[in-house]
Amino acid sequence: MSTQNKISPEQLNQCIQITETMYNKPSCFIFRAPVDPVRDQVPNYFDVIKDPQDLGTILERLQNKEYSSIQSWKHDMDLVWDNAKAFNGPFSIVSSIAVCMKGRFEKIYQYLSK
């Protein structure tokens, strides 16, 4: 991996701030924790979604310095929104929220120091 792909301490702090900003948005409450097929009444979730992701897990990984690149963090953030759309279908309220939140994330992400 090239040095320019590694997360600097400043970038790590920015990634944490961005993730916390998204996590704290009221519309993102459904993306804060891993999907629980029983609790959430979606028994087939893991049949459809093979790589689940949520904002709480991403935030924990950032705080534990588990991301080796900004790209891997962004991939996981995008996965949150993409999984919601894939599981719920393009015309569901959850997909609409995911599209909106992905747009907000992209706007914030563009200001990340690169």
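Residues checked against (1) assigned to a loop (DSSP other than H, G, I, E, B); (2) farther than 18 Å from residue 109 by Cα; (3) modelled with pLDDT under 95:
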{"site": "11", "(1), (2), (3)": "no, no, yes"}
{"site": "52", "(1), (2), (3)": "yes, yes, no"}
{"site": "66", "(1), (2), (3)": "yes, yes, no"}
{"site": "77", "(1), (2), (3)": "no, no, no"}
{"site": "84", "(1), (2), (3)": "no, yes, no"}
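Could you please give the count of residues in the range 60-114 that are of a type in the set (A, V, I, L, M) and open to solvent by less than 20 Å² (accessible area, probe 1.4 Å)?
Number of matching residues: 8.
Take residue 37 and decide whether it is open to solvent by less than 70 Å² (accessible area, probe 1.4 Å), at pLDDT 95 or above and not in a helix (DSSP H, G or I). Taking the combined requirement at face value, the residue satisfies it. Selection within the range 86-114: residues that are outside any helix (DSSP H, G or I) and of a type in the set (A, V, I, L, M, F, W, C). The member of this set that is farthest from residue 35 (Cα to Cα) is 112.
The values are calculated or read from the model by the stated rules, or taken from the named source; none is laboratory data. Bear in mind the structure is a predicted one, so any value in this text is a computation, not a measurement. Keep in mind that these areas ignore ligands, DNA and RNA; they rest on the heavy atoms of the full protein, side chains included. Shrake-Rupley method; radii C 1.70, N 1.55, O 1.52, S 1.80 Å.
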